[in-house]
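Trainee: One structure follows; several queries about it will come next.
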Amino acid sequence: MKNTMLPLILGLLLPACQQQTKPVDFEKEKAAIQAVIAKETESYYKQDFEAWKSTYLESPAFRKYAYWEGFPEKVTFNNGFESLKQEKKSQFEADATLWKGSTEERANENFRITPEMAWYTFEQFSYEKDTRKLLGKSLETRVLEKENGEWKIAYLGYHYFPDTLLTK
């Protein structure tokens, strides 16, 4: 009986698996992801809470894990979007965002894109706008999910190099 069930099970499962694989327009999705990341960064430094929030997956599944020697605790994290949302709302209202007006450049970008989820890693260089003084270099990771056809950040990760290692 076991041997006759296997072809039947495979016959039912294989077509279902094949139907779930949709082709991805890689360049289109890559551009959309880059636009979401740019919008998140720009709205963060402008302290535009609603625009910033619109780039995130507002879900208990959201995660942020980060390292920066400028944090008193060095490592910060948020499990669920609600805690990050409250943290940033307070920060923006207090006008306490560092590096406002800075410019960012991304290098060594790497994308993995499926129809509903994407993984994006890159190096980011942050500069003072007028002097081009390097403020920080970080290794960044974003995992994005599609929600109602739009990419949203589901995971935010960054690790800043210590100031003593700042080179491009």
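Trainee: Roll a 1.4 Å probe over the protein heavy atoms and report the accessible area of ARG106 in Å², nearest 10.
Mentor: For ARG106, the solvent-accessible surface is approximately 70 Å².
Trainee: From the square roots a ≥ b ≥ c of the eigenvalues of the alpha-carbon gyration tensor of region 61-136, which class results: rounded (a/c under 1.5), prolate (a/b over b/c), or oblate?
Mentor: Oblate.
Trainee: Spelling out what I want: for every residue of region 51-65, take phi, set θ = phi - 60°, compute 6.51 cos²θ - 1.76 cosθ + 1.60 (Karplus), and round to whole Hz; glycine and proline get x.
Mentor: Per residue, the Karplus-derived 3J(HN,Hα) values read 5, 4, 4, 5, 8, 10, 7, 7, 8, x, 6, 4, 9, 9, 10 Hz.
Trainee: At 0.36 nm per residue, minus the direct Cα-Cα distance, what do GLU42 and GLU109 gain on full extension? Give it in nm, one decimal, please.
Mentor: Extending this stretch completely gives an extra 22.3 nm.
Trainee: Starting from the residue with the highest accessible area, list ARG142, ARG63 in decreasing order, probe 1.4 Å.
Mentor: ARG63, ARG142
Trainee: Provide the per-residue ³J(HN,Hα) series for region 136-150, in order, calculated from phi with Karplus coefficients 6.51, -1.76, 1.60 and θ = phi - 60°, each as a whole number of Hz, with x at glycine and proline positions.
Mentor: Karplus-based 3J(HN,Hα) across region 136-150 equals x, 10, 9, 9, 10, 9, 10, 10, 10, 10, 8, 10, 6, x, 10 Hz.
Trainee: Checking understanding here: applying a Kyte-Doolittle mean of at least 0.0 and a length along the axis of at least 15 Å (C-alpha), which whole DSSP H helices in the chain pass?
Mentor: 2-19
Trainee: Quick one: if you stick a label point 7 Å off each Cα along the C-beta vector at PHE77 and ALA96, how many nm between them?
Mentor: The modelled label-to-label distance comes out at 2.2 nm.
Trainee: In deg cm²/dmol, rounded to 500, what helix-only [θ] at 222 nm does the chain give when every DSSP H run of at least 4 residues adds -39500 (n - 2.57) and the total is split over its residues?
Mentor: Mean residue ellipticity, 222 nm, calculated: -11000 deg cm²/dmol.
Trainee: A further question follows. Taking all protein chains together and a probe of 1.4 Å, list TRP119, TRP99 from the most accessible to the least accessible.
Mentor: Greatest to least solvent exposure: TRP119, TRP99.
The values are calculated or read from the model by the stated rules, or taken from the named source; none is laboratory data. What you see is a predicted model; the values in this text were computed from it and never measured. Don't worry about glycine lacking a Cβ; one is built from the backbone with ideal geometry, like all the others, and counts go over all protein chains shown. Ligands, DNA and RNA are excluded from the accessible area calculation, which covers all protein heavy atoms including side chains. Shrake-Rupley method; radii C 1.70, N 1.55, O 1.52, S 1.80 Å.
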